[in-house]
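*Asks:* Structure in structure tokens, see below.
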């Protein structure tokens, strides 16, 4: 049996980092509410090892998951890290004891966050760091991010960060960040039903910059669509597999990081990268955004 292609490969711009387009998001390796350890720590370790053995070489994480939990599990499972594994983390939030989500965007917060990630992952330098704005709800809010980007650009010059990205941002914030330092990826909320970044995806495709959807399956409110279910039935696949396959077909710079704590779901997600969608099927799926609500922009 041939090894899965995991959607082909993508090289982050201006780097030697080449990854399969189907990766893994580690957020669900924590306890309920993205807080504390998972119910089955050894199962989490085994899941990560299975993902990497299957060819996953792009893992998304953050030290504020848990907090600290996912990075510590990644280190336990995979350190010393195999050649070619790219670990992408993010900064911009903290989790105080009341389990709330608070901004952590001062220079001191960001510097401390880099060192927390380095320590818990057991690294001397971080492959890619995304600065994530907290925004409003599940989306970004306009406003300058120059101060935060400049702090992280300085840490990059010092060798603690190799490459830089942004998350939960507007097109204007992407442009602002690019005036300060090179950007290799943008991580925003995007999926079959949430297409607000269509224009940005196109712009980044032309620039060769990776676009990494978070909530590729709808996040805390999973995608539900009669069209999606019908298409999946016709393909002999599951609806969430089709939703992931659509993203891979959408643009060659889209990288996926679906998360799960289940080995069975991991295998389903990886298998989604092998689905082929016809032009007719893609046209049907494109209509889901219109079903979901306001027109995309």
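*Asks:* For the list (1) within 22 Å of residue 93 (Cα to Cα); (2) in a loop (DSSP other than H, G, I, E, B); (3) within 13 Å of the chain's Cα centre (by Cα), I need the number of the one condition that residue 217 fails.
*Replies:* Against the list (1) within 22 Å of residue 93 (Cα to Cα); (2) in a loop (DSSP other than H, G, I, E, B); (3) within 13 Å of the chain's Cα centre (by Cα), residue 217 comes up short only on (1).
So that you can scan it fast, the table gives a plain yes or no per residue for (1) surrounded by 24 or more Cβ atoms within 10 Å (Cβ to Cβ); (2) closer than 15 Å to residue 263 by Cα; (3) modelled with pLDDT of 95 or more; (4) in contact with a helix residue (DSSP H, G or I) (Cβ under 6 Å, 6 or more places away or on another chain):
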site: 46; (1), (2), (3), (4): no, yes, yes, no
site: 49; (1), (2), (3), (4): no, yes, yes, yes
site: 52; (1), (2), (3), (4): no, yes, yes, no
site: 61; (1), (2), (3), (4): yes, no, yes, yes
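*Asks:* Let me ask something else about it. Please go through (1) in a helix (DSSP H, G or I); (2) in contact with a strand residue (DSSP E or B) (Cβ under 8 Å, 6 or more places away or on another chain) for residue 252 and return the number of the only condition it doesn't satisfy.
*Replies:* Unmet for residue 252, out of (1) in a helix (DSSP H, G or I); (2) in contact with a strand residue (DSSP E or B) (Cβ under 8 Å, 6 or more places away or on another chain): (1).
*Asks:* Report yes if residue 178 is farther than 27 Å from residue 282 by Cβ and either in contact (Cβ under 8 Å) with a residue 40 or more places away in the chain or surrounded by fewer than 21 Cβ atoms within 10 Å (Cβ to Cβ) (or both), otherwise no.
*Replies:* Working: farther than 27 Å from residue 282 by Cβ: yes; either in contact (Cβ under 8 Å) with a residue 40 or more places away in the chain or surrounded by fewer than 21 Cβ atoms within 10 Å (Cβ to Cβ) (or both): yes.
Yes; evaluated as a whole, the condition is true for this residue.
*Asks:* Can you tell me which condition residue 239 does not meet? The list is (1) more than 13 Å from the chain's Cα centre (by Cα); (2) touching a residue at least 60 places away in the same chain (Cβ under 8 Å), and all the others hold.
*Replies:* Condition (2) is where residue 239 drops out.
*Asks:* So which residues in the range 1-48 are closer than 19 Å to residue 249 by Cα and in a loop (DSSP other than H, G, I, E, B), if there are any at all?
*Replies:* 4, 5, 6, 7, 8, 12, 21, 23
*Asks:* Right, something else. Quick one: in the range 182-202, which of the residues that are outside any loop (DSSP other than H, G, I, E, B) and under 21 Å from residue 11 (Cα atoms) is farthest from the chain's Cα centre (by Cα)?
*Replies:* 202
*Asks:* Based on this model, can you work out whether residue 3 counts as modelled with pLDDT under 95 and either farther than 14 Å from residue 86 by Cβ or touching a strand residue (DSSP E or B) at 6+ places or on another chain (Cβ under 9 Å) (or both)? Let's see the steps before the verdict.
*Replies:* Details: modelled with pLDDT under 95: yes; either farther than 14 Å from residue 86 by Cβ or touching a strand residue (DSSP E or B) at 6+ places or on another chain (Cβ under 9 Å) (or both): yes.
It is true that residue 3 is modelled with pLDDT under 95 and either farther than 14 Å from residue 86 by Cβ or touching a strand residue (DSSP E or B) at 6+ places or on another chain (Cβ under 9 Å) (or both).
*Asks:* Across the range 134-175, which residue is surrounded by the most Cβ atoms within 10 Å (Cβ to Cβ) among those that are in contact with a strand residue (DSSP E or B) (Cβ under 9 Å, 6 or more places away or on another chain) and at pLDDT below 95?
*Replies:* Across the range 134-175, the extreme among qualifying residues is 140.
*Asks:* Is at least one residue of the range 11-21 surrounded by fewer than 22 Cβ atoms within 10 Å (Cβ to Cβ), in contact with a strand residue (DSSP E or B) (Cβ under 9 Å, 6 or more places away or on another chain) and farther than 24 Å from residue 126 by Cβ?
*Replies:* Taking every residue of the range 11-21 in turn, none turns out to be surrounded by fewer than 22 Cβ atoms within 10 Å (Cβ to Cβ), in contact with a strand residue (DSSP E or B) (Cβ under 9 Å, 6 or more places away or on another chain) and farther than 24 Å from residue 126 by Cβ.
The values are calculated or read from the model by the stated rules, or taken from the named source; none is laboratory data. Since the model is a prediction, treat every value here as computed from it, not as a measurement. Glycine gets a Cβ as well: all are built from the backbone with ideal geometry, and neighbour counts include every protein chain shown.
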